[in-house]
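These notes concern the structure reproduced below.
A short reminder: the numbers here are calculations on the coordinates, not readings from a lab. Please read all numbers here as calculations on a predicted model, not as lab measurements. Using ideal geometry, Cβ is built from the backbone for each residue, glycine included, and neighbour counts are taken over all protein chains shown.
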Amino acid sequence: MVRPDLHLPQAFVAWMAPFLAAFRRRSRDTAAALAVGALLAIGPRTVTNCLRALGLAEHPSFTAFHRVLNRNVWSGLTLARTLLGQVVPAFEPSRPFVIIGVDHTLERRRGRRIEPASQFHDAVRSTAKNKVTSRGLRWISAMLLVQVPFAGRIWGLPVLTALTPSKAWCEQHKRRYRPVTQWAERLLLTLHRWLPDRVIVAVMDGEFAAIDLLHRLRRYMVAITRLRLDACLFDPPSAYKGRGRYPKKGTRQPSLKARITDPATVWKRAVQASRTSWRTGGWIEYATGTALWYHAGKEPLPIRWILVRYSDKRHDTEAFLCTDPQMGPVDVLDCYNRRWSMETTYEEARAHLGVETQRQWSDPAIFRTTPLLFGLYSLVTLYVQQNAERLALSPRRAAWYPKPAATFADALARLRQHVWFECFATSAGTPDMKEFLPPDLQRLVQLACYAP
């Protein structure tokens with residue numbers, strides 16, 4: 001087979017060398033080409049579109065690129081571990097703990113050949129009165145929630161993503177079916193093994209507030225989730241009197257729902273941390289305490305509970321828990337507030353990296369493509385952060401839009417421009433020709449760089 005002549009940006013490919021080491025030597029060039037093609041492609045992130053972006057649409061050996069996804073042997077866990085080892089030192093070099101957000105999203109896919117797909121709850125299209133289900137693939141992601149300096153805000157950087165297949169698919173392929181809580185436990189324990197010298201603070205939504213899951217996680221990390229207002233909370237057990245079984249719990253505390261209207265509840269005021277550095281947070285009121293969360297047939301779980309009510313009355317009163325009773329309530333709320341950046345990551349991955357537009361049909365390619373696209377989000381952020389001075393990233397502004405800081409669209413557009421000019425530069429000393437382009441050509445380049 002005639003191997004294609006790939007004109008790839010050498011500096012960018014050399015920077016990706018730690019990630020390409022996960023592939024066999026013969027597959028590294030094609031894997032690098034797919035990564036660069038996914039960055040430069042406009043529209044659906046199919047292999048064909050990636051090849052068109054590289055000028056390889058007419059090359060007869062296009063099947064070599066498809067085999068990287070559906071046949072070649074390589075480990076996604078190795079890529080995830082390498083990515084984690086690069087991202088943590090770049091964004092959290094000295095802090096003794098890292099904040100990991102865990103959540104799942106639905107990739108809406110149709111077609112009879114997409115066997116792992118099933119009907120799942122669609123949180124985006126559902127309302128309080130109308131529950132909607134959509135057919136698709138449910139992915140669960142563990143993201144590093146960090147402050148990105150060039151953006152001035154909290155970003156969720158995906159480091160580990162897994163598919164949660166339907167029960168019917170697992171039974172058909174004789175695999176063990178795992179609910180979402182077990183997948184979250186596997187992801188977090190994997191990250192704990194990869195970061196033995198860091199304390200992990202796991203931030204999750206109320207769907208993961210299961211006593212069994214939190215009991216297993218609290219031995220390795222701190223977990224923060226939502227808490228039901230009708231949860232059964234108890235005082236610690238009293239001293240053993242020598243008769244009967246050892247008590248598991250003490251006197252029952254008032255429910256959190258009752259504490260909202262109880263005049264005896266002590267409320268404190270605090271400023272809710274903003275997810276951006278150019279915007280101040282709003283005032284909130286919170287009440288907190290410690291208790292044992294108990295459910296029949298389960299071991300009691302020591303927690304710190306926090307009630308939060310908002311002065312603007314735009315949100316209902318919420319409750320949160322932390323498996324470390326010694327952690328301060330404001331710190332708990334600050335950590336949980338970072339979780340909302342995960343929703344931004346999911347939306348930007350759909351808008352700018354083509355998630356839900358790939359068209360793979362074989363199971364190996366389906367299991368591999370979406371985690372690679374989510375990992376590409378972190379890869380772009382990491383490269384721009386490590387080369388911030390050389391790239392001179394600036395937000396795309398307009399007279400009616402005074403954009404205060406760069407977003408992921410700006411970072412991706414700047415990286416695209418850098419890669420294109422590195423490929424087409426005639427001199428190795430001037431890989432970036434931004435300053436030498438006439439205004440009309442600069443507008444065309446911007447249109448191409450910012451195209452979804």
Item to check | Output for the stretch 225-250, where each listed residue is touching a strand residue (DSSP E or B) at 6+ places or on another chain (Cβ under 9 Å) and under 15 Å from A296 (Cα atoms) | outcome: A231, C232, L233, F234, K248, K249, G250
Checklist entry - Can we say R226 is in contact (Cβ under 8 Å) with a residue 60 or more places away in the chain and either out of contact with any helix residue (DSSP H, G or I) (no Cβ under 9 Å at 6 or more places or on another chain) or at positive phi (or both)? => result no
Checklist entry - Taking the condition basic (K, R) and surrounded by 21 or more Cβ atoms within 10 Å (Cβ to Cβ), does R338 pass? => result yes
Checklist outcome for this item: Here, helices (runs of 4 or more DSSP H) confined to the stretch 1-117 with at least 3 residues that are in contact with a Cys (Cβ under 8 Å, 6 or more places away or on another chain) and buried (at least 19 other Cβ atoms within 10 Å of the Cβ) are 28-40
Checklist entry - Does the stretch 218-237 contain at least one residue that is within 28 Å of E107 (Cβ to Cβ), in a loop (DSSP other than H, G, I, E, B) and in contact with a Cys (Cβ under 8 Å, 6 or more places away or on another chain)? => result no
